[in-house]
Amino acid sequence: MLVDFEYEEVFFASDDIRLHAIAAGPKTGPVVILLHGFPEFWYGWRKQIRPLAAAGFRVIALDQRGYNLSSKPPAVRDYALPLVTRDVLSVADQLACERFYLVGHDWGAAVAWSVALEYPERLHKLAILNVPHPAVMTHTLRTNPRQWLRSWYMLFFQLPWLPETAFSASNFYVGTRTLLRTSRPGTFTPQDLGCYRAAWAQPGAIRGGMNWYRAFARRRPAIGDPHVHTPTRILWGKQDSFLLAEMAEDSLKYCDSAELTFFLDATHWLHHEEPERVNHLLIEFFKS
């Protein structure tokens, strides 16, 4: 892998699931768990791992279930939000970590919101990148046609086998083209795309990633208390092609203590595009 920091590969167990992760930083440091989204894997955090580790944190960049070197169960029900949420707690438990810092982007942010809502006692602080609070997402999908237009692919992913075939064709042309077209020029290098292709080529990886969308459509967990009591920092690239920026501001209404920072020129992939600023805001927030 094209990284410039020392790390170790580790594995965790969550029920019958084996979760692969990259770990860095002092083993006795406070734990930060990084959760990627679709169609990434731990490598999506490569620009955050070394700075967080250098700041004294024990960093765990997870391959979530269905991705890269983690288990890829075939059933859609195995990607239900309560299960992927418990994966995070299983990792923390195996680290003997009662409370931890949590960062999520895309689907990883959806899981991070879920952890904060269901298990607030486990978190020190929560950092969210470019995904709204689940109540905001649900409401916006129901009421705003502009968001439906941006989320058309979620409907396409409900079809059997065809989305996987289209994504994988011609050496993952659709996947690489999507990353390039929805990010700032130069964000993903040819070498980066080679790493993504290798992860996507793992047997069952594309189906696993798309099963997250299928599970979401088939079973949306009821939200009890929708308020997030954990201190939260939301970072949002305003040029996101997939999600309306107004949802970031609406998400603040559900948080007891939250801050929102917009990146005016960044896209959905802001932690790739603005790593120095993202890293500063994460470290500052976690240490304050």
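The values are calculated or read from the model by the stated rules, or taken from the named source; none is laboratory data. Note that the structure is a prediction, hence the values are computed from the model and not measured. Glycine also receives a Cβ, built like all others from the backbone with ideal geometry; neighbour counts cover every protein chain displayed. Protein only, heavy atoms only, side chains kept; ligands, DNA and RNA dropped before computing areas. Shrake-Rupley method; radii C 1.70, N 1.55, O 1.52, S 1.80 Å.
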With the label point 7 Å along the Cα-to-beta-carbon line of Arg219 and a cut-off under 18 Å to each amide N, the hits in the range 130-171 are 158
Per GNM of the chain with C-alpha springs under 10 angstrom, the most fluctuating residue out of Gln48, Gln239, Gln191 is Gln191
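Fully extended, how many nm does the chain gain between His227 and Met154 (0.36 nm per residue separation, minus their Cα-Cα distance)?
Full-extension gain reported as 23.7 nm.
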With θ taken as phi - 60° and the coefficients 6.51, -1.76 and 1.60, list the Karplus ³J(HN,Hα) couplings across the range 150-158 in order, rounded to whole Hz; mark glycine and proline as x.
6, 9, 4, 5, 5, 5, 4, 5, 6
Which value results when the Cα radius of gyration for the range 1-141 is divided by 2.2 N^0.38 Å?
0.98
Could you tell me the distance between the Cα centroids of the range 44-80 and the range 190-217, to the nearest Å?
13 Å
Can you compute 3J(HN,Hα) from phi for each residue in the range 249-258, using the Karplus curve 6.51 cos²θ - 1.76 cosθ + 1.60 with θ = phi - 60°, rounded to whole Hz and x for Gly and Pro?
5, 5, 5, 4, 5, 9, 10, 5, 9, 8
Rounded to two decimals, what is the ratio between the C-alpha radius of gyration of the range 234-288 and 2.2 N^0.38 Å?
1.14
Zone reached by a paramagnetic label modelled 7 Å from Ala166 Cα along Cα→Cβ, restricted to the range 191-233 with backbone N below 14 Å, covers 210
If you roll a 1.4 Å probe over the heavy atoms of the protein chains, what accessible area per residue do you get for the range 1-41, in Å²?
47 Å²
What is the percent carbon and sulfur in the accessible area of the range 126-236, measuring with a 1.4 Å probe over the protein chains and ignoring ligands?
62 percent
Gyration tensor verdict on the range 134-237 (Cα atoms; rounded if a/c is under 1.5, prolate if a/b is larger than b/c, oblate otherwise)
prolate
Note down the relative contact order for the chain as a percent, whole number, built from C-alpha pairs under 8 angstrom at least six residues apart.
20 percent
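Suppose all protein chains stay in the model; what accessible area per residue would a 1.4 Å probe give for the range 143-287, in Å²? Before the final figure, lay out the partial values.
Numbers: 7270 Å² over 145 residues.
So the range 143-287 comes to 50 Å² accessible per residue, rounded to a whole number.
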Over the range 70-196, what relative contact order in percent results from Cα pairs under 8 Å that are six or more residues apart?
15 percent
Rounded to the nearest Å, what's the spacing between the alpha carbon centres of the range 234-273 and the range 140-182? Just the number, please.
21 Å
Across Gly175, Gly29, Gly37, the residue with the highest GNM fluctuation in the chain (Cα network, 10 Å cutoff) is Gly29
Of all accessible heavy-atom area on the range 1-89, the percent that carbon and sulfur account for (1.4 Å):
51 percent
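Where Rh is the Kirkwood radius over the Cα pairs of the range 61-149, the temperature 25 °C and the viscosity 0.890 mPa s, what D in µm²/s does Stokes-Einstein return?
In µm²/s, the coefficient is 173.
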Across 10 Å bins beginning at 0, the whole-percent shares of Cα-Cα pair distances in the chain come to 6, 31, 40, 21, 2
Have a look at Trp42, Trp161, Trp148 and tell me which one the Gaussian network model of the chain (Cα, springs below 10 Å) gives the largest fluctuation.
Trp161
Percent of Cα pairs exceeding the 19 Å cut-off, where the set is the range 197-280
60 percent
